[in-house]
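The values are calculated or read from the model by the stated rules, or taken from the named source; none is laboratory data. On a predicted model such as this, the values are computed, not experimentally measured, just so you know. Counting neighbours? That spans all protein chains shown, and the Cβs are built from the backbone with ideal geometry, glycine included. Calculation scope for accessible area: heavy atoms of the full protein, side chains included, ligands and nucleic acids excluded. Shrake-Rupley method; radii C 1.70, N 1.55, O 1.52, S 1.80 Å.
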Amino acid sequence: MKLAIVAFYGLALGLLAVGLRELLTGFEENRCSMTYMFEYPEYRRVALPRRVARLYPAYGLYLYGEGVYAQETRALKLTGAPVLFLPGNAGSYKQARSLGSVALRKAENIEGGVHFNVFTVDFNEELVALYGGSLLRQTHFLHESIKAILRLYKHVKTPPQSVVLVGHSMGGVVARALFTLPRFNTNLVSLIITQASPHLAPVLALDPYLLDFYSAVRQKWVNQAKKLRNVTVLSVGGGYRDYQVRSGLISLPCPPGDPNKLSLVATAVPRTWVSTDHLSIVWCKELVLATVRSFFDLIDPETRQFTANPEKKMAVLNHHFIRHPVRMVGETQDTSVSIVDSPEAWSEVNTLRLAYSTPKEGQVKYFMFALSSRRKAYSHFYCRSNNLEMTSWVYGCVHKNSSSCVHAVDLSMGTELLPPYKVLILSLSDLSSVTHLVVSASNINGRQFMVECEWQRQESQTVSLPVPHVLSFGLTVSDVSVNSSGLLHTIKLQHFHQVYQAFRITVSSQCKVHKDRMSNVYRINVPWFREDSLTTVSVPSVTEISGMLHTSRPDNTSGVLLQLHTAPNCQYKVSVRTSLPKVLGQILRFCGPMVPVYTAVTLLLACGGQLSYILASRRAAEMSQVVGKGLQPHKVNLPVYILHTLLSCSCFQEVWSTLYLPPMDALPPTSPDEGVVPIEEWPHLLSPLLYIFGAAVAYWGSTLLRLIIRLISLLLAPLHRPSVSRDCGTLRLRTQLLVSVCLTVVGGMSCGALAVFAAFLFHLYRVLKLQMTVRSLSHMLNLAPRQRKEAENGTVDVEPLSKSKECNGAPLLSECALQEVRDDLQLHLCLSALFTLPLMLIAPSLIHWSRNLRYSTQLDPDPCWLLFVPLIIVYVLLINCNTLKLSGSKLLPLTSCLPLPLSIAMVTFSPLHLYRVTYFLLAALVPLASCCLL
């Protein structure tokens with residue numbers, strides 16, 4: 001039986017390791033280019049008013065500079081457009097150097113004196129993603145910093161009226177939190193760009209301050225959306241390389257249809273097309289260039305400051321981050337174009353496809369395609385060119401003479417930029433006033449490029465492919481062959497719309513004739529969110545693409561599309577197979593917060609099982625045995641699912657609200673629909689698997705704890721006198737009272753987590769003493785008691801030691817005394833495993849306090865202020881607890897029944913509020929401590 005339990009939890013740990021490996025490493029390599037400084041970066045501190053410096057001694061405001069520019073701005077007499085960078089969780093203010101350096105170098109090449117002053121805020125590298133007590137303080141300091149920055153421009157003829165904010169990680173959330181301040185002037189900030197910022201929900205909710213902060217920000221931006229229409233916000237996610245903040249969380253929780261709020265993933269940004277991790281998104285050159293280019297296009301030429309026009313801001317951001325057409329931003333669109341060239345430059349194409357390579361010599365060349373004979377048979381016209389110059393290249397002929405077009409309209413604004421070439425797809429139904437299409441293949445500068453165009457019938461080049469079921473485990477495969485000679489094919493991946501689905505999509509290409517061709521581009525298009533990913537390959541090739549989603553489909557919109565920009569006269573085969581490792585990685589990416597909850601549930605049920613065992617036999621069971629039996633999904637998940645089903649009824653909801661119960665926790669929404677957070681079905685369906693993962697962590701974590709305690713006891717054994725008593729490591733009543741009072745005072749004057757940690761160490765000492773006592777007694781008895789030796793000689797009859805047999809009055813050096821100490825050790829090992837959970841949940845506040853000791857000796861606010869006193873009392877009281885006291889307690893029958901209902905409540909109310917786990921554990925530990933007294 002024990003071997004079966006070890007094998008089961010070994011398999012569970014293996015699956016968890018596979019999922020973690022896929023989550024942490026199962027993505028493309030880092031394809032970001034590094035940004036470099038050409039001169040030594042300098043950070044000039046900006047003096048703040050004394051009141052601000054006194055209120056925020058740990059924070060600072062700096063101006064970034066290099067070389068000559070740093071010397072020119074030494075006196076802080078600035079004339080540029082202000083940009084303020086906000087670091088995120090544990091982020092440094094020096095992370096602004098990539099943005100500042102690129103903006104500085106690009107300004108040197110632009111005439112007119114347009115440049116930027118890049119400021120950066122030092123938030124003391126605080127862990128605000130785990131400790132929310134500093135978020136409001138950072139927001140107030142940011143407000144003061146913005147006012148201080150604008151005061152630096154009083155001497156300028158046209159001073160800036162607002163500051164552009166660029167926030168990384170939690171810095172982006174703080175930027176949006178500015179608008180929740182009662183005295184904040186909303187005109188001070190008109191543009192916010194955030195990078196990998198979890199706007200939708202916090203990654204982990206380890207204290208109530210973090211959730212309160214998010215709630216205030218959400219209510220402000222949702223309830224007062226009309227007042228904030230002039231504020232433009234762009235949120236960029238990193239993609240699958242960012243496993244710290246999944247890209248689904250970067251969606252802005254604003255009312256649908258707000259035109260000034262954009263959310264997208266870096267893989268879909270034109271001229272970027274790369275996935276970034278949580279830190280590289282700050283310095284990724286491709287993304288930094290897109291940001292800086294948009295800054296320059298946002299400058300008003302008259303004031304040389306950022307424009308306040310919302311339409312202009314959205315046009316620029318759409319140009320650089322969503323669709324990159326050939327015409328530059330601000331360029332007037334001349335719909336009527338006169339083409340005057342010699343008749344020799346014109347060629348009329350009567351075939352279905354054009355493939356043309358320009359010669360080395362410069363020439364003027366136009367190709368004409370007649371529409372009259374193609375309108376009925378074809379629906380679209382597709383054209384691509386690897387000439388990536390930002391010029392017009394496709395026209396619609398309105399007036400034509402015998403051999404050339406005299407008058408035409410520019411149709412190039414629909415051009416889309418892909419990594420190897422630009423593409424234009426025209427719908428023939430929109431070209432009723434055009435008689436011919438004209439494609440320019442002129443290379444006046446002598447630069448060679450290729451042009452490929454064709455008539456398309458979209459219905460015949462679209463294929464539907466149902467994806468395998470997620471439970472097929474990769475044993476079945478769906479495939480389709482594409483034999484058409486077209487340049488673009490679309491494959492509809494049916495039934496692919498949930499985040500827990502993950503596939504390995506293999507695209508193999510074969511060509512009959514080997515010749516130079518343009519590269520293929522395979523694009524996974526997600527219609528409901530801007531999270532497209534592109535893969536560029538050569539022909540022929542076999543390419544594997546990861547088919548995963550950052551967001552689930554919010555409604556009945558069309559499914560995921562696989563677009564293949566292919567080479568002509570080639571055959572393509574697309575195979576889709578479920579990938580179990582990727583499915584596990586997706587489950588952990590979206591449901592990871594459930595695993596520590598189920599770990600706590602397993603340990604709590606193990607403690608309840610230990611108490612029930614003591615109640616029945618007056619002995620303690622092995623820790624591995626009770627932890628192994630802590631996996632009880634039928635007793636925990638079934639009631640939770642029943643509650644979830646009942647809450648769909650309005651009458652039960654009324655009863656629920658009458659009892660003043662908080663709403664059931666559900667994981668953050670996986671769709672970009674910015675409404676009320678819904679309760680989703682699929683995490684509940686996956687709860688047994690998540691329970692197994694949590695139980696595996698509890699089982700192997702408790703095993704590791706036992707090994708660590710044995711190792712430490714071995715190291716400490718020479719320093720302690722051998723003991724043979726079960727009372728080793730206990731405290732007298734006076735000492736318990738004194739320790740409790742002292743730790744309470746320490747926690748109140750400094751940090752509650754520090755006091756809880758000290759109380760945990762007192763209990764750990766008790767466990768170590770018990771471990772050393774077991775070893776001492778075992779060595780003294782030499783694993784063969786005298787009674788057994790006499791029995792072997794036939795002088796004494798030996799009665800086997802029964803677990804139900806009383807050992808009262810047994811001598812100190814006896815197997816019975818050894819069994820008593822072992823029982824106490826197993827009990828306290830279970831308690832130690834349970835005690836570590838609150839310690840891990842409050843650890844961020846302890847780390848934050850230790851980092852800020854030079855500024856303040858007291859943590860304010862302290863998320864443990866309500867918990868640390870009862871935790872200290874419980875930890876100290878349970879030091880003296882043993883199986884004999886528990887077995888004689890009248891409260892033990894009731895206490896042993898509490899873990900199960902508390903575990904159900906924990907799964908119901910804790911996935912989004914991890915700090916509540918401590919409350920439920922405390923509710924179980926307080927009666928247990930009472931058992932030692934009564």
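Quick look at the numbers
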{"quantity": "Interchain or long-range residues, amide H under 5 Å from T232's placed H", "calculated": "L191, I192"}
{"quantity": "Accessible surface, per residue, of the range 337-459 when the full set of protein chains is kept, probe 1.4 Å, Å²", "calculated": "45 Å²"}
{"quantity": "Carbon and sulfur %, accessible surface of the range 589-664 computed with the full protein complex present, 1.4 Å", "calculated": "66 percent"}
{"quantity": "Vicinal HN-Hα couplings computed from phi for the range 272-283 (Karplus, 6.51 cos²θ - 1.76 cosθ + 1.60; Hz; Gly/Pro x)", "calculated": "10, 6, 10, 9, 10, 7, 5, 9, 5, 5, 7, 10"}
{"quantity": "Placed amide H near G237: partners under 5 Å, 5+ positions off or other chain", "calculated": "A196, L264, V265, A266"}
{"quantity": "Accessible surface of the range 447-532 [probe 1.4 Å, protein heavy atoms]: carbon and sulfur percent", "calculated": "47 percent"}
{"quantity": "Surface accessible to a 1.4 Å probe, per residue, for the residues of the range 564-653, Å²", "calculated": "34 Å²"}
{"quantity": "Estimated vicinal HN-Hα couplings, Hz - the range 831-839 in sequence order (Karplus 6.51, -1.76, 1.60; Gly, Pro = x)", "calculated": "5, 5, 4, 5, 5, 5, 5, x, 5"}
{"quantity": "Surface share of carbon and sulfur [accessible, 1.4 angstrom probe, percent] for the range 1-119", "calculated": "59 percent"}
{"quantity": "Bridge type composition, the chain - antiparallel percent by DSSP, nearest 5", "calculated": "70 percent"}
{"quantity": "The range 114-121 - phi-based ³J(HN,Hα) in whole Hz, Karplus 6.51/-1.76/1.60, Gly and Pro as x", "calculated": "6, 7, 10, 9, 8, 9, 8, 9"}
{"quantity": "Order by protection proxy (mean Cβ within 10 Å, highest first), peptides 87-97, 863-873", "calculated": "87-97, 863-873"}
{"quantity": "Aspartates and glutamates whose Cα lies under 14 Å from that of K573, excluding same-chain neighbours fewer than 8 positions away", "calculated": "D479, E544"}
{"quantity": "Degrees separating the helix 580-591 axis from the principal Cα axis of the chain, which is the longest one", "calculated": "80 degrees"}
{"quantity": "Helix 594-617 vs. the chain, principal-axis angle (Cα, 0 to 90°, nearest 10)", "calculated": "10 degrees"}
{"quantity": "Reachable aspartates and glutamates, given that their alpha-carbon falls under 19 Å from the alpha-carbon of K226 and they are not under 8 places away in the same chain", "calculated": "D258, E311, D673, E674"}
{"quantity": "Tensor-based shape of the range 189-294 (alpha-carbon gyration tensor, a/c under 1.5 rounded, otherwise prolate or oblate)", "calculated": "oblate"}
{"quantity": "Gyration tensor verdict on the range 734-775 (Cα atoms; rounded if a/c is under 1.5, prolate if a/b is larger than b/c, oblate otherwise)", "calculated": "oblate"}
{"quantity": "Under 13 Å, Cβ to Cβ, from G239 - net charge with Lys/Arg +1 and Asp/Glu -1", "calculated": "-2"}
{"quantity": "30 Å Cα-Cα threshold exceeded, pairs from K77/K313; K106/K147; K629/K769; K312/K400; K106/K313; K2/K890", "calculated": "K312/K400; K2/K890"}
{"quantity": "Accessible area (Å², per residue) of the range 105-220, counting only protein heavy atoms and a probe of 1.4 Å", "calculated": "34 Å²"}
{"quantity": "Reach of K422 by Cα under 19 Å, taken over lysines that are not fewer than 8 positions away in the same chain", "calculated": "K365"}
{"quantity": "Long-range HN-HN contacts of G167 with modeled amide H, under 5 Å", "calculated": "L86, I193, T194, Q195"}
{"quantity": "Cα shape, the range 81-176, gyration tensor, a/c 1.5 rule", "calculated": "oblate"}
